[in-house]
1. Given the Cα-Cα distance of B:Lys312 and B:Val242 and 0.36 nm per residue of separation, how much length would full extension add, in nm?
2. Among the DSSP beta bridges whose two residues both lie in the protein assembly as shown, what percent are antiparallel, rounded to the nearest 5?
3. Per residue of B:23-33, what is the mean number of Cβ atoms on other protein chains within 10 angstrom of that residue's Cβ?
4. Would you mind telling me which residue in B:Ser301, B:Ser94, B:Ser340 has the biggest mean-square fluctuation in a Gaussian network model of chain B, where springs connect alpha carbons within a distance under 10 angstrom?
5. Taking 25 Å as R0, compute the FRET efficiency from the Cβ-Cβ separation of B:Thr216 and B:Gln282 and round it to 0.05.
6. Percent antiparallel among DSSP beta bridges with both residues in chain B, to the nearest 5?
7. Mean-square fluctuation check for chain A, GNM, Cα pairs under 10 Å: which of A:Ile178, A:Ile347, A:Ile132 is largest?
8. Residues in region B:13-36, backbone N under 13 Å from the label point at B:Asn296 (7 Å along the Cα-to-beta-carbon vector): list them, ranges by number please.
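Only the coordinates and a few stated rules stand behind these numbers; no lab work does. Here the structure is a predicted model, which means the values were calculated and not measured. Cβ placement follows ideal geometry from the backbone for every residue including glycine, while neighbour counts extend to all protein chains displayed.
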There are 2 protein chains.
Amino acid sequence: MDVTILDRHNYHTFVPLLYQVATAGLEPEEIAQPIRRILRDVPNVRFRLDTVTGVDLDRRAVITDAGEVRYDYLVLAAGSATNYFGQDLAQVTSALRDLDDAERLRDQVLGTFEAASAEEDHSRRRQLMTLIVVGGGPTGVELAGALAELQRHVLPHDYPDLDLSCARILLLEATDRILPGMPKALQDKAQAKLSELGVEIRFGAPVADADADGVTLRGGERIAAGAVVWVAGMRAPPLADVVPTPKGVGGRLVVEKTLQLPDRPGVYAIGDMAHVGGLNAQPHPMLAPVAIQQGNLVAESILRSLAGKRPKRFIYRDRGTMVTIGRNAAVAHIFGLRLSGFIAWLIWLTVHLVWLIGFRNRMLVLVNWAWNYLTYDRGVRLIRRASSRQHVSNGDEEAP
Amino acid sequence: MDVTILDRHNYHTFVPLLYQVATAGLEPEEIAQPIRRILRDVPNVRFRLDTVTGVDLDRRAVITDAGEVRYDYLVLAAGSATNYFGQDLAQVTSALRDLDDAERLRDQVLGTFEAASAEEDHSRRRQLMTLIVVGGGPTGVELAGALAELQRHVLPHDYPDLDLSCARILLLEATDRILPGMPKALQDKAQAKLSELGVEIRFGAPVADADADGVTLRGGERIAAGAVVWVAGMRAPPLADVVPTPKGVGGRLVVEKTLQLPDRPGVYAIGDMAHVGGLNAQPHPMLAPVAIQQGNLVAESILRSLAGKRPKRFIYRDRGTMVTIGRNAAVAHIFGLRLSGFIAWLIWLTVHLVWLIGFRNRMLVLVNWAWNYLTYDRGVRLIRRASSRQHVSNGDEEAP
């Protein structure tokens, strides 16, 4: 059996640590691994760096920017994209879905403080030092906590002239709670810890509009800010839109309980882009454990199919979720246990270090974590891709 | 005394290790350090992230994109830029002068092998796997050696389908020797080691023209290639062009032996952008030790000047140079000694680790070096900023 992996990047990204890249705690490359490196010892798998632009289900062909790839079996596993819920906010807010997002967000956050340090006007300075995180899910909570620690522990040393008591981090949540899906007791613990770090949480605060200078809430209230991060939800990626098959919630592809497309037994969709069981079924959460379990099942199903057997149905085994908030602080709901504080934080660290791909990456992340923990520092405070200021004069320049 | 540092980047780059970033051995961020972090404990130094666009020597003002900064004393230390010797090659060749260059070159080298693996045509595939390094100075030698090890030890595992015996690395040198300034015996040792690694060195091969598909030598010979790296020389940065003062070799600012601009006792120029002693004097090599010694002298001179004393003259104390070629292989001419092989390589490693700024960076580089040495691997094989192929369809996209 020959397996071909098509991806528009030559690397796999460990998404759960993106927020640490965005807050200058890790080098971007440390949470990524070259796909060819991962597959080095698997002889029947080939990799192609291609962008998939469409799928012809009748002719059994994947259309890429470099031509067609014919298939007997196809597994669609292109992940998810940021959900702006129909609003046109991609250009005016920052997202946190891939390595480029994370690096741009880091540059933007550091850039607002550089701009604030050069700003004479008090209210404008205050605005620049206000960071808004839209969405109280796991990503929003982890990001808000890490930003708060950056503002509290690191930036005061970098900007001794700035009055950082003006700096604010707002977490805007449309509903009345953060971390949906977590037990109420852990939601409360996470909320208390965020408040302790200085994060202002606003419940019932749906965002109606956003621009480069802040957000407008649905009630009409205007909040000025230096940066707005949109982590309010995910939807199916653009690739899902071009697959001619019924769509479920958030544009996800409707698949049978066997993860096959309806009437297309050779085509599977898994992970964030699949809505299992059709429109009447509750979609699975867009989490890595779901995708991993589905990936394993599809591999088994295709092997069964080649042996003349029928594919099995997918049943999600929820082993729990965990969210880190800051130093020594996390909440974890795993194997039925509700953990918080230092012990949950230690489990979070261990699990993420183990799941990270590559021994070298683990070593580098461990060095950074130890450094960040012992020194209260964040070493990667580089502004690499400045967009607000053009650098035109001193030094050698090329278009990017 | 108040000191203001103006820079268009918020970080300092350790230039000697750029070639390791370009060959996927180090994360780019590991050889950079935030300037505010470096200056954290120096109370009378302020940093401004500004691009300098001009200098008004009469009004004693530096012009930046964010306004003017007045000075009593001015030190111009903007480094150097790639020297294309009047040719228009910046758009068609890669350079290796800053972190962006290094990351782009890494992306380009890896991208040519991805393209080769998808290429059906044999001669086109062979072209893509040919890398040309123009210039046999220290940067060209170190880069060619590291590229050879990447081709020899790493890429065969990544591309089992590719016949890497077709892969070539050409080092083109206009004169009849590499590493000018080094003793002849060490030049020969370096040349032998490069040949052993499979690098083809062409002497007396000045490049007349280059484009995206290769180079044309002055004699008319055409060499097709997948990537051309131009490290044939350095000149003064564009900032030097806008300072109204006499220019020396390569557009460098002519300064007195005291490093002061002629008739401008309050203005100093140091490092790569200064030509000490005027047009009749041999310019100093564009090396970090020169710049560091000049920086120390200027600091002393300004303090002397404030105390009513006269500035001292600059005398370069040449403690030697060293160049690494590959595993266990370097040449070093230090303190009058001529060293090569393993001992020179160990000294090179130690010196560069010590000179790298930041304990955290040293730890991370050490982990990478140990990993690279023990596994013959290069971990950072990520294509982050692909330019040859646009990624338009699957996934969330924003303009960079």
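1. 22.5 nm
2. Counting only bridges with both partners in the protein assembly as shown, antiparallel ones make up about 55 percent.
3. For this peptide, the per-residue mean of nearby foreign Cβ atoms is 4.
4. Result: B:Ser301 has the largest fluctuation of those listed.
5. E between B:Thr216 and B:Gln282, to the nearest 0.05, is 0.15.
6. Antiparallel bridges: around 55 percent, rounded to the nearest 5.
7. A:Ile347
8. So the set is empty, nothing qualifies.
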